Every structure is written in structure tokens, then in C-alpha cells.
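*Asks:* The structure follows.
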Amino acid sequence: MNTRQNTYHILQERGFTYQTTDEEALNALFEQEQVTGYIGFDATADSLHVGHLLPLMALSWMDLTGHKPIALVGGGTSMVGDPSGRTEARRLMTEETIKANLEGIRPQAERFLDLNSGRASLLDNSEWLLRLNYVPFLRDIGRHFSVNRMLTADCYKSRLEEGLSFLEFNYMVMQAYDFLKLFEIRGNRLQLGGQDQWGNIVAGVDLIRRVHGGQAYGLTMPLLIDPRTGDKFGKTNAGAVWLSPAKTPVYDFYQFWRNIDDQEAFRLLSLFTYLPMTECRYLSTLPGNLINRAKEILAYEVTAICHGHEASAEAFLASVRAFGAADPKGEVETTSKIKELTSDRLDANLPTMSFEREVLEKSDLAQLFVLAELAASKGEARRLIRQGGAYLNDRAVSADEETLIIKGSAWLDEGQVTLRAGKKRYKIIKVISRT
């Protein structure tokens, strides 16, 4: 897309908007102008993680719709540390660590922005923050801030009992100054961020008004929570899900998205893919086990955005080899590139066995696992079933089904079934019918 569109409408429809400083005016701004807007990313690690994907996608939509997004890396603010959402102070990092972290972050941010378009930019706030003189900065900028008002901000209130250092107390002023500086040098009038950044963003809007009498805007995005755990989205038992393949392998990254809760399919397809909203709605309403195809497409699309289509295709194939395909009959038609990139390789790599329908109809489920060479005997197959390690088309087989006769099963008419024993052993069973 190279013609300007009302990005605010897109962000709103896809679920990016949580709170704005002036919704009506911001909507009009996108209708009338080529908008410059920015999001900041502090260098707290040498990689971004899944929690950063929401702001990165927001910037990408601005770029795709003809506006002027800025990804601002925090070479300066990282030396202080954002207290937002923290119960204790961040550990201070050396300049060398911050520089090394920025080197890891920059290429990840570049995957979401076309820096050759002449619109998108990647900047570092150390260019102006590290040049500041303390006393002049206090006189020129600090005088516009009310300590009483600052202490009412959520990012500070939650820390007062535990202790808030003077160093961290300055973070809001520094972030507001970033907004002011970008307003002055780039004509930037919009700052986007997570909902926990509301106080910092409003402080910047107010600073621009006080210093220049200018009108600026803020937009925050919702904090995503995993409904199964109550944790921030992108956190697992092993920690954060990183964008760097050295920290989170591409296959593990793909599996994180493949294993999301069924009820989250629509929201995550809307936020983390470029698929049309009509397709997101269609995929999220697929019946029964076909919802797993929606999650497969989600995983493929997000992985392709972050790691490229070839790496995503390999992760998809590895997942199918381990667990079977979510839609083996190809019932779901989408604009995804999965079929284009993997169809030939998929057919060549699927472990498949074929049996005449009459043979299968005389078997029970335990015998089926023996026929598929996923168990050495019916006794072993029954133990597998009773231990919850046997799956039929991605559905766990219950213990009371082990002697269930297969004759009459719906999948016999469908022509094939996917069996899985444990996490990694699976087999596609195809039905041969005598003519």
C-alpha cells in the first residue's frame, strides 16, 4: 500500500487502540495529513520479545498506509530505566551493554519498517539526551513539571511504598523531552505506547503545549494477558518469547503461537498478521478441530513476519512432522503462503500409512495405534491411552475409548486420520476403499 489511509480506523478495527488523548482530533489528523508518530523501545536486552510486537505492528501499519513512523531506540533512556510496571528498580546497565543491546534490536525493528521509503525512520534518543547540560535542562524543561501531578501517575504510585529512586523519577521527564525533541526536529505529533505508558505520553503532550503551544496526541494500546495463566502475553514458564532465534529458536517461536488458546484466535490474528479482517473473522469461527488450522495460519504468518517465509515454512513442516497437519484435507482456503511454500515438501515428508477400509473397520483404537506402528502391542497402546498420550486428529483419546470399534467413525468417510503418540511421534493413516 502506498496511498495514505486513515490508519486510526485500521488500528481501531484491529484492536490496537486502548486510550487516546483526543479521539476525534486524532481521527481527523489521519484524514487530513501525513502523520508522523513514534514509539520508544528501551535497550533492556539484546533482543526484543513478543511483548514488543504490538507496537511494532502499529508502526508497520503506519508505514504501509503512507504515514511516517519512527522507531525510537532508547540509548539515552536505557541508562535510567523505566519504572512503569515494575515493582523494583531496574538494574543499571553500562554504556557498553546498552550499545550491544541496541545492535541486536535495530535489525529486528527494521523488519517492520521500510527505511528506504523515505518515510520510516529509526532513531536513537542518546543523540540528544546524552548532550544535555543538567542545570539548563532543569531551568528550561524541568520547570514545566509538577511533582504533585507526577506522583499521581500509575508508574510512580505503585512504587512509592517499595521505594522510588530519584534516577527513575526523572524517566517521565526524559520521555516527555523525547516527544518534544521529535516534535521540533521531525514535526512528530503522535506518540504511541502500551497502556502503562499513559502518564509518560500525556506528560509529553503537555510539555509540547507548554513550550511551543503546539498540539500533540497520544494513543495507548491494550496490555495483552494470556487468559490461561493471567501473565503478560509472551511470557512462558521458560521466560519471555524472544524475536532473536538465538534466544528463542524459530520452531519454539512458531509453537508459541500455534498453541495459543482457541478463544484468542480472532484477537491475535487481527493484531499480529496483515491478513484482511474478513479472513481473520472467517478463520476464528472455524468449527471443531479446524480452529487449529486458524492457529496454524496465525503461527505461520507471525513467524514469517519476524523470521521470513522460508524459516516459517521450515517451522511449519517440523510441526506437522511432529504433530500432524491441522487441516489434512485442505478444507480451509486462505491467502496464506503456507500451501505455496510447503505443499511439495509436505507431501514428501509426511509419515503416512494406508490401509483398506475393511481392515480398519475391524480394529479398535488400541489396535489402530499398533497398525500405525506407534505401539508395539495392544497392551502398550492401552497404557499410552490411559496415560493421556494418545491423540486422534489432535484430540486426546480418553481411557474409555481404547476398545472403541472404529467402524462408523466419521474420519473413515473423510479418508484419513492423524494419530499421535506423545509429543513427537505421529502417523497419517489413509483409508483405501475397494472400488
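*Asks:* Pairs needed: first member in the range 170-189, surrounded by 18 or more Cβ atoms within 10 Å (Cβ to Cβ); second member anywhere, of a type in the set (Ser, Thr, Tyr) and in a helix (DSSP H, G or I); C-beta distance under 7 Å; at least 6 residues apart or different chains.
*Replies:* Tyr171/Thr77; Met174/Thr77; Gln175/Thr77
Condition check ((1) surrounded by fewer than 22 Cβ atoms within 10 Å (Cβ to Cβ); (2) of a type in the set (Gly, Ala, Ser); (3) in contact with an Asp or Glu (Cβ under 9 Å, 6 or more places away or on another chain)) across all residues:
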{"site": "Thr7", "(1), (2), (3)": "no, no, no"}
{"site": "Asn27", "(1), (2), (3)": "yes, no, no"}
{"site": "Tyr38", "(1), (2), (3)": "no, no, yes"}
{"site": "Leu53", "(1), (2), (3)": "no, no, no"}
{"site": "Ala58", "(1), (2), (3)": "no, yes, no"}
{"site": "Met62", "(1), (2), (3)": "no, no, no"}
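*Asks:* With the requirement that a residue be farther than 16 Å from Val359 by Cβ and not hydroxyl-bearing (Ser, Thr, Tyr), what does the range 392-412 give you?
*Replies:* Scanning the range 392-412 gives Leu392, Asn393, Asp394, Arg395, Ala396, Val397, Ala399, Asp400, Glu401, Glu402, Leu404, Ala410.
Per-residue answers, yes or no, for (1) under 15 Å from Phe323 (Cβ atoms); (2) surrounded by fewer than 13 Cβ atoms within 10 Å (Cβ to Cβ):
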residue: Ala366; (1), (2): no, no
residue: Ala375; (1), (2): no, no
residue: Lys378; (1), (2): no, no
residue: Arg383; (1), (2): no, no
residue: Leu392; (1), (2): yes, no
residue: Asp400; (1), (2): no, yes
residue: Ser409; (1), (2): no, no
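*Asks:* Which residues, counting only those in the range 206-245, are without any contact (Cβ under 8 Å) to a residue 40 or more places away in the chain, outside any strand (DSSP E or B) and farther than 30 Å from Phe183 by Cα?
*Replies:* Asp226, Pro227, Arg228, Thr229, Gly230, Asp231, Asn237, Ala238
*Asks:* Quick one: which of Thr334, Thr418, Thr342 is at negative phi, at pLDDT 75 or above, among the hydroxyl-bearing types (Ser, Thr, Tyr) and in the same structural domain as Leu317 (by TED's automatic domain parsing)?
*Replies:* Thr334
The values are calculated or read from the model by the stated rules, or taken from the named source; none is laboratory data. As the structure is a computational prediction, the values presented were derived from the model and not from experiment. In this analysis, Cβ positions are derived from the backbone assuming ideal geometry, glycine residues included, and neighbour counts consider all displayed protein chains.
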